[in-house]
Amino acid sequence: MSRQHLLLRELGLAPRWRLRDGAEPEPVLTPALAQVAANLLLPVTAPVPSEVVAPVPVQLVEVMPAPAVVEPATTALPDWADLQQQVASCTACGLCQTRTQAVFGKGNPRARLMLVGEAPGAEEDKQGLPFVGKAWQLLDNMLSAIGLSQDDVFIANVLKCRPPGNRNPAADEIAACADYLRWQIAHVQPEVLVTLGRFAAHALLQSDAAIGALRRETHQYQGIPLFVTFHPAYLLRSPGEKAKAWQDLLAIRRALANKA
């Protein structure tokens, strides 16, 4: 049995049956994409950084008294530079007291695809960028597998500041950052939105359903198709779920193709 056949079977794309007339065929991996997809299936040999927190039951836990929330300076849509400055100087919740710097986002501010994660980790807090290190390497491979690069996407987080110890976001922190993420989406105007992990999905969909249920359908956020998939940090801990993530990527690629 060839390596490519094993790869296709591992991704849930084999055996390669001949479809009946009228059925929509799934995309077939080219040799180049097969190599990229193969990277998604490699077991992780390096230890996962200690700051990554394992999934916990879906309940937002407040571990500190809720601080007085300072509303953003304006409810109107600020321009891009003003929005960056507001995020950088934000004191709307207690995370401003423990952060090194706020993390605005990265990528193309006019991208067709926008990815939304949870919150900065330790390295993101140091560098001021979302998704760095091993999580970014895997996410970059995932994007490459459907023919995209960082220049084709914009990436942001629900929270702009790191929760101490990489704990789960608290409800008041998500609320304090909500306008910033809403304004970013309004500026980028993506054709497709993708949430990475349950906190991002819950924040944008206002749902507490399990990610396994949410990822099985296409949602809408203010008229934009929204897909739910796993956070790269979770996939590093649970490589067996990468085949499901690949199916999510194929659905995202189809949605972008339909918008072209």
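Observations on the model:
- Over the range 100-146, equivalent-ellipsoid semi-axes from the Cα gyration tensor in Å: 19, 14, 8
- Restricting the range 135-216 to trypsin sites (Lys or Arg not before Pro) in coil, as DSSP defines it, with at most 12 other Cβ within 10 Å: Arg216
- Charge sum, other residues only, whose C-beta stays under 14 Å from Gln150's C-beta, Lys/Arg counted +1 and Asp/Glu -1: 0
- Whole-percent carbon and sulfur share, accessible surface of the range 136-260, 1.4 Å: 48 percent
- Applying 1/(1 + (r/R0)^6) with R0 = 41 Å to the Cβ-Cβ distance of Trp80 and Ala243 gives a FRET efficiency near 0.60.
- For Lys134, the lysines whose Cα comes closer than 25 Å to its Cα, not counting residues fewer than 8 places off in the same chain, are Lys106, Lys126, Lys160, Lys242, Lys244.
- Using the 1.4 Å probe convention, the accessible area of the range 110-174 works out to 32 Å² per residue with neighbouring protein chains retained.
- In Hz, Karplus ³J(HN,Hα) per residue of the range 211-223 (6.51, -1.76, 1.60; θ = phi - 60°; x = Gly, Pro): 4, x, 7, 5, 6, 8, 9, 8, 9, 10, 10, 6, x
- The mean accessible area for residues of the range 176-253, using a 1.4 Å probe and ignoring ligands and nucleic acids, is 36 Å² per residue.
The values are calculated or read from the model by the stated rules, or taken from the named source; none is laboratory data. Predicted model, so just to flag it, every value in this text is computed and none were measured. Note: ideal-geometry Cβ built from the backbone for every residue, glycine included; neighbour counts use all protein chains shown. Calculation scope for accessible area: heavy atoms of the full protein, side chains included, ligands and nucleic acids excluded. Shrake-Rupley method; radii C 1.70, N 1.55, O 1.52, S 1.80 Å.
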